[in-house]
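Notes follow the structure.
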Amino acid sequence: MENVSLPIIDLAALSGAPDTRRQMLARLGQAAREVGFFYLVGHDLRQEEQREMLALAARFFALPEQEKRAVQMVHSPHFRGYNQVGAELTRARPDLREQFDIMGEETALPGAALHQPWQRLIGPNQWPTALPEMKDALLAWQARLTGITLRLLDAFTEALAQPQGVFDESIRGAPYQHMKLIHYPGQAEGGSGQGVGAHKDPGYLTLVMQDDQSGLEVEMANGWISAPPLPGALVVNIGELLELASNGYLKATLHRVKSPPPGVSRLSLAFFMAARLDATVPLLSLSPELAAEAQGPESDPTNPLFYQVGENVLKGRLRSHPDVAARHYGAAQAATRGAANPLPEPA
């Protein structure tokens, strides 16, 4: 483990003896501050269970094309369902992956209750009729991943010397959940090799489970480094909301996925946890020592950040899925494309 490229955080140690816990909290804070990525061990997801989830993903992607297209995301104004290779864009270029997206299983709001475009993210998932076991299995797995992210958020609260429950108001009821099953086919001759283009994630935290094939890369000060699979470990990265909440003290890091070589496939499962869509990101009151190192959220005029969570999430969805945006979000898409500045910081 000493030779891996990212820091390793033991979740079990965060509930251990005081000295062990204190050391692991310090390591967690350093990893989030300096790298923005780390491997997570000591969780309760057994390797056998992880393999079963990846096998379920493989069964879905092996379905006939007509079965998958019956649950295409373009049918859903809530951005749930299947995307074929090249349907999702990163920085306006197609990603060479097929995927199946779910979020919380919810009831869509009636038209009279829709006051903001992001409220249309709320709604039911699509499920393939050929794999009836997928619904219960994926929703249960998503619930377990949510529990892990909430434990990590509590640990960040302590690592940053914040009052207990500082994030509670933004996640009370149900945090925003988003999970992807992802299949990366091998590179085609002369292809771009962009499994996923360089980007940051819009939520609080992301958990990634990989099969045995490498491909995930993280941008560091001296260039890109690989984050190869570590048996049993999840890869965790900081999202834009934690960068906003900490005024840039914590780091949302650019990352990408390179396509596997010709003839090789790669499977992964990614889970993104954000605050409630109707919440506003809390601006943490850091100690003078930490505040001195907080340089503010990174400014990118092509990717404005919003403290209103639903607006921040919808921004990413509209840009990544132009077919869904065109069918269901015409006016909102135009407004997001023209946005130049984030919302004001919370008072």
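Whether a residue is over 27 Å from Leu45 (Cβ atoms), surrounded by fewer than 17 Cβ atoms within 10 Å (Cβ to Cβ) and touching a residue at least 24 places away in the same chain (Cβ under 8 Å) was assessed, and Ser287 passes this test. Just one of the listed residues (Ala174, Ala188) is more than 21 Å from Pro94 (Cα to Cα), assigned to a loop (DSSP other than H, G, I, E, B) and either touching a Leu at 6+ places or on another chain (Cβ under 8 Å) or aliphatic (A, V, I, L, M) (or both), namely Ala174. The set of residues in the stretch 12-33 being under 23 Å from Gln210 (Cα atoms) and either in contact with a Leu (Cβ under 6 Å, 6 or more places away or on another chain) or of a type in the set (Asp, Glu) (or both) consists of Ala32 alone. Scanning the stretch 239-281 for residues that are assigned to a strand (DSSP E or B), of a type in the set (S, T, N, Q) and under 19 Å from Leu54 (Cβ atoms) returns a single hit, Ser268. Across the stretch 96-110, the number of residues qualifying as over 21 Å from Asn312 (Cα atoms) and either buried (at least 20 other Cβ atoms within 10 Å of the Cβ) or at pLDDT below 95 (or both) comes to 5. Selection of first residues in the stretch 163-192 that are under 14 Å from Arg266 (Cα atoms) and among the polar types (S, T, N, Q) and of second residues that are modelled with pLDDT of 95 or more and in a loop (DSSP other than H, G, I, E, B), restricted to Cβ pairs under 6 Å at least 6 apart or on distinct chains, gives the following pairs, ordered by first then second residue: Gln187/Ser259.
Helices (runs of 4 or more DSSP H) fully within the stretch 282-347 that include at least 3 residues being among the small types (Gly, Ala, Ser) and at pLDDT below 85: 330-338. Candidates in the stretch 226-235 are the residues that are more than 12 Å from the chain's Cα centre (by Cα) and not in a loop (DSSP other than H, G, I, E, B); of these, the one that is surrounded by the most Cβ atoms within 10 Å (Cβ to Cβ) is Leu234.
This table checks each residue for (1) in a helix (DSSP H, G or I); (2) within 19 Å of Val313 (Cβ to Cβ); (3) of a type outside the set (A, V, I, L, M).
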site: Leu131; (1), (2), (3): no, no, no
site: Leu145; (1), (2), (3): yes, yes, no
site: Ala161; (1), (2), (3): no, no, no
site: Met179; (1), (2), (3): no, yes, no
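Residue-wise test of (1) over 25 Å from Glu88 (Cα atoms); (2) touching a residue at least 12 places away in the same chain (Cβ under 8 Å); (3) of a type outside the set (Ser, Thr, Tyr); (4) touching a strand residue (DSSP E or B) at 6+ places or on another chain (Cβ under 9 Å).
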{"site": "Pro262", "(1), (2), (3), (4)": "no, yes, yes, no"}
{"site": "Val281", "(1), (2), (3), (4)": "yes, yes, yes, yes"}
{"site": "Ala291", "(1), (2), (3), (4)": "yes, yes, yes, no"}
{"site": "Ala294", "(1), (2), (3), (4)": "yes, yes, yes, no"}
{"site": "Asp300", "(1), (2), (3), (4)": "no, no, yes, no"}
{"site": "Pro322", "(1), (2), (3), (4)": "no, yes, yes, yes"}
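For Ala57, the conditions (1) surrounded by fewer than 17 Cβ atoms within 10 Å (Cβ to Cβ); (2) touching a residue at least 40 places away in the same chain (Cβ under 8 Å); (3) part of a helix (DSSP H, G or I); (4) of a type outside the set (Lys, Arg) all hold with the exception of (1).
Does any residue in the stretch 196-225 that is at pLDDT 95 or above and outside any strand (DSSP E or B) come within less than 7 Å, Cβ to Cβ, of a residue that is buried (at least 21 other Cβ atoms within 10 Å of the Cβ) and of a type in the set (Phe, Trp, Tyr) six or more places away or on a different chain, and which pairs are these? Between residues of the stretch 196-225 that are at pLDDT 95 or above and outside any strand (DSSP E or B) and residues that are buried (at least 21 other Cβ atoms within 10 Å of the Cβ) and of a type in the set (Phe, Trp, Tyr), the close pairs are Gly215/Tyr184. Glu169 meets the stated requirement of being at negative phi and either aromatic (Phe, Trp, Tyr) or not in a loop (DSSP other than H, G, I, E, B) (or both).
Yes or no, residue by residue, for (1) in contact (Cβ under 8 Å) with a residue 24 or more places away in the chain; (2) charged (D, E, K, R); (3) in a helix (DSSP H, G or I); (4) within 20 Å of Pro231 (Cβ to Cβ):
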position: Arg22; (1), (2), (3), (4): no, yes, yes, no
position: Leu28; (1), (2), (3), (4): yes, no, yes, no
position: Ala31; (1), (2), (3), (4): yes, no, yes, yes
position: Leu63; (1), (2), (3), (4): yes, no, no, no
position: Ala87; (1), (2), (3), (4): yes, no, no, no
position: Leu96; (1), (2), (3), (4): yes, no, no, no
position: Gln99; (1), (2), (3), (4): yes, no, no, no
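The values are calculated or read from the model by the stated rules, or taken from the named source; none is laboratory data. Note that the coordinates shown come from a computational prediction; the quantities given were computed from them, not determined experimentally. Reconstructed Cβ throughout: ideal geometry from the backbone, glycine too, with neighbour counts over all protein chains shown.
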